[in-house]
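What follows is one structure encoded as structure tokens, with my remarks underneath.
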Amino acid sequence: MKKIAITNQKGGVGKTTTAMNLSAGLGLVDKKILLVDLDAQANSTTGLGIEKDDIKLDVFDVLVNNTDINKVIVKTSAKNVDLIPSSISLAGAEIYLSNKNNKSEKLFEERFKKIKNKYDYIIMDCPPSLGLINRHALTYADEVIIPIQAEYYALEGLTQLLSTISLVKKMFNSKLIIGGILLTMFDNRTNLASEVEAEVKKFFKEKVFKIKIPRNISLAESPSTGLSIFDYQKTSKGAIAYENLTKEVLKD
Ligand SMILES: Nc1ncnc2c1ncn2[C@@H]1O[C@H](COP(=O)(O)OP(=O)(O)O)[C@@H](O)[C@H]1O
Ligand SMILES: [Mg+2]
């Protein structure tokens, strides 16, 4: 079982789009996936067809109330992809986690124990902050995928993210690696995108995924239909890109 955290404290860089569609891509090649929505905005939850009103238990219950994880897991619209939904209540979890009585480093490991080996991949869609939820996710993960939007200021904030990753690695999780840097919303026609790509490659070298996710309207539309890109528009550029990303992730 491989645990992947998809993280970047910047909002709007493609974390959720990647979490949903990488999960769906892996599911289509018969891997069993548990997608964990760790963002109070719950975009991964609604994006794969779960109505907010239908959610009785969510990731807050798992983390804070110690509710049996198997009672919280739901099926999504994507083949072989199960989900731990999120809701706005997750916004209160940081306070709980910051209480000194709840500081267990192994929180996720403890709470996720009961699903052991039921899944091939656990994909965590992280919130846009470097708070405790993010830190716990990194502590639990085997690897991190960092989506970077190929735009001006793309590299801003990366230093903090990388130092958070190395802190977690040093203190809580020595096995943690950077699985890959993913360029998202890439527009081939602009010089800026190529400049950002060159910068990112100079810094991260072979850690950068070969596939760049293009800016693609179908990727932006599919969440409102509750379907992954493969079920929404499987011949779109976005679907082909995420299929290629899936192959790269399967390789290592
Ligand atoms: N490759 C893409 N092409 C077009 N729109 C995209 C692409 N990736 C993401 N988006 C859109 O951009 C917005 C932010 O993406 P999202 O994945 O939610 O980012 P994050 O989870 O990092 O906040 C969403 O509206 C999403 O649909
Ligand atoms: Mg998101």
Picked from the stretch 1-26 (must be out of contact with any strand residue (DSSP E or B) (no Cβ under 8 Å at 6 or more places or on another chain) and not in a helix (DSSP H, G or I)), the residue nearest to ligand 1 (Cβ to nearest atom) is GLY11
VAL196 meets each of (1) part of a loop (DSSP other than H, G, I, E, B); (2) at pLDDT below 95; (3) aliphatic (A, V, I, L, M) with one exception, condition (1)
Filter the stretch 5-36 for residues that are closer than 19 Å to LYS212 by Cα and of a type in the set (Val, Ile, Thr); the one that is nearest to the chain's Cα centre (by Cα) is ILE6
Residue count, the stretch 199-252, condition surrounded by fewer than 21 Cβ atoms within 10 Å (Cβ to Cβ), among the β-branched types (Val, Ile, Thr) and not in a helix (DSSP H, G or I), comes to 3
Practice task
Report yes if LYS212 is closer than 17 Å to LYS15 by Cβ, among the basic types (Lys, Arg) and more than 16 Å from ligand 2 (Cβ to nearest atom), otherwise no.
Solution key: yes
The helices (runs of 4 or more DSSP H) lying wholly within the stretch 29-127 that contain at least 1 residues that are without any contact (Cβ under 8 Å) to a residue 60 or more places away in the chain and hydroxyl-bearing (Ser, Thr, Tyr) are 43-47, 93-98
Picking from VAL29, VAL59, the residue that is more than 11 Å from ligand 1 (Cβ to nearest atom), at pLDDT 95 or above and buried (at least 20 other Cβ atoms within 10 Å of the Cβ) would be VAL59
When GLY179 is run through (1) surrounded by 20 or more Cβ atoms within 10 Å (Cβ to Cβ); (2) in a helix (DSSP H, G or I), the failure sits at (2)
Only one of (1) near ligand 2 (Cβ under 9 Å from one of its atoms); (2) over 10 Å from the mean Cα position of the chain (by Cα) does not apply to ASP39, and that is (2)
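The values are calculated or read from the model by the stated rules, or taken from the named source; none is laboratory data. Just so it is clear, the model here is predicted, and its values are computed rather than measured. With ideal geometry, Cβ positions are generated from the backbone for all residues, glycine too; neighbour counts draw on all protein chains shown.
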